[in-house]
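A quick write-up on the structure given underneath.
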Amino acid sequence: MIEDELKLAAYLHKGLTEEGFVVDVAHNGVDGLHLAMECDYDLLVLDAMLPGIDGLGVLAALRQSKQTPVLMLTARVRVEDRVKGLQSGADDYLVKPFAFSELVARIQVLLRRGHPRSAAGEAVLGLADLEVDLLRRKATRAGRRLDLTAKEFNLLVLLLRRQGEVLSRTEIAEQVWDMNFDSATNVIDVAIRRLRAKLDAPFERTLLHTVRGMGYALEARDP
């Protein structure tokens with residue numbers, strides 16, 4: 001999210017995080033464009049009026065090499081302004097002030113367009129008998145629903161998207177908790193233990209593995 005109004009940015013960051021999204025925030029066009037170019041985001045929420053480089057400038061530079069879905073926010077109500085933004089490559093437009101529920105709904109629509117879809121039209125990740133529906137935020141194993149918290153779901157999605165890779169505690173903390181890892185805390189280990197109890201304990205085959213001294217990996221290993 002690139003938004004220079006600090007209170008609004010903090011409000012949206014808190015709300016979207018509670019909805020289960022992992023959100024990075026920049027407060028000017030220069031920093032925001034750098035993040036958008038360096039990282040592979042699922043979606044960019046972009047304010048039209050920004051210091052440094054304005055929203056249209058960020059969008060123009062981004063579209064030279066990336067097709068990340070972009071939802072633009074603006075205080076401008078003129079139709080011409082919205083048309084210009086859409087013609088410049090924005091995927092959707094939301095005029096301030098807006099209802100938070102509408103922002104979430106529009107984000108979900110754009111994510112449905114951007115994710116690969118299953119035959120049912122939904123974005124689904126899978127490994128062995130594990131299936132995760134990204135849009136319904138539902139995980140099942142062998143057809144059985146897994147009762148996951150928002151953090152457990154996000155942790156599972158991260159591991160599933162990087163299946164076969166060993167993820168360190170530092171990377172997990174940054175990606176799922178949006179924080180710098182403190183080696184004195186066991187929050188990651190506790191979360192892994194709780195996820196494993198739901199993901200693996202009821203089943204014969206183990207998917208979530210500890211790689212001693214390195215981190216954790218999600219992988220369907222041969223028995």
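The values are calculated or read from the model by the stated rules, or taken from the named source; none is laboratory data. None of the values given here were measured: they were computed from a predicted structure. Heads up, the Cβs are rebuilt from the backbone with ideal geometry, glycines too, and the neighbour counts pull from every protein chain shown. Side chains are part of the model used for accessible areas, which takes the heavy atoms of the whole protein and leaves out ligands, DNA and RNA. Shrake-Rupley method; radii C 1.70, N 1.55, O 1.52, S 1.80 Å.
Odds and ends about this structure:
- Among the residues here, residue 191 qualifies as of a type in the set (A, V, I, L, M) and outside any loop (DSSP other than H, G, I, E, B).
- If the condition is being within 15 Å of residue 96 (Cα to Cα) and either aliphatic (A, V, I, L, M) or modelled with pLDDT of 70 or more (or both), then region 62-85 contributes 71, 72, 73, 74, 75, 76, 77, 79.
- Filtered residue count, region 39-56, keeping only those that are more than 30 Å from residue 149 (Cα to Cα) and either part of a loop (DSSP other than H, G, I, E, B) or of a type in the set (Lys, Arg) (or both): 7
- Here residue 42 does not qualify as acidic (Asp, Glu), open to solvent by 60 Å² or more (accessible area, probe 1.4 Å) and over 12 Å from the mean Cα position of the chain (by Cα).
- All positions within region 147-166 that are within 17 Å of residue 189 (Cα to Cα), in a helix (DSSP H, G or I) and open to solvent by 40 Å² or more (accessible area, probe 1.4 Å): 150, 151
- Here 44, 71, 16 are screened, and the one residue that is closer than 25 Å to residue 172 by Cβ and touching a strand residue (DSSP E or B) at 6+ places or on another chain (Cβ under 6 Å) is 44.
- Here residue 144 does not fit the description of being surrounded by fewer than 18 Cβ atoms within 10 Å (Cβ to Cβ) and closer than 21 Å to residue 21 by Cα.
- Any pair with Cβ under 9 angstrom, 6 or more apart, that starts in region 141-156 at a residue that is more than 19 Å from residue 220 (Cβ to Cβ) and ends at one that is among the hydroxyl-bearing types (Ser, Thr, Tyr): 150/17
- Whenever a residue of region 187-201 is closer than 15 Å to residue 218 by Cα and modelled with pLDDT of 90 or more, its partners that are acidic (Asp, Glu) and surrounded by fewer than 12 Cβ atoms within 10 Å (Cβ to Cβ), lying with C-beta atoms within less than 7 angstrom and at least six residues away or across chains, give the pairs 198/147.
- The residues on offer are 185, 210, 170, and the sole one that is surrounded by fewer than 15 Cβ atoms within 10 Å (Cβ to Cβ), of a type in the set (S, T, N, Q) and under 20 Å from the mean Cα position of the chain (by Cα) is 170.
- In region 18-38, the qualifying residues are those that are open to solvent by 50 Å² or more (accessible area, probe 1.4 Å) and in a helix (DSSP H, G or I), and the one that is modelled with the lowest pLDDT is 18.
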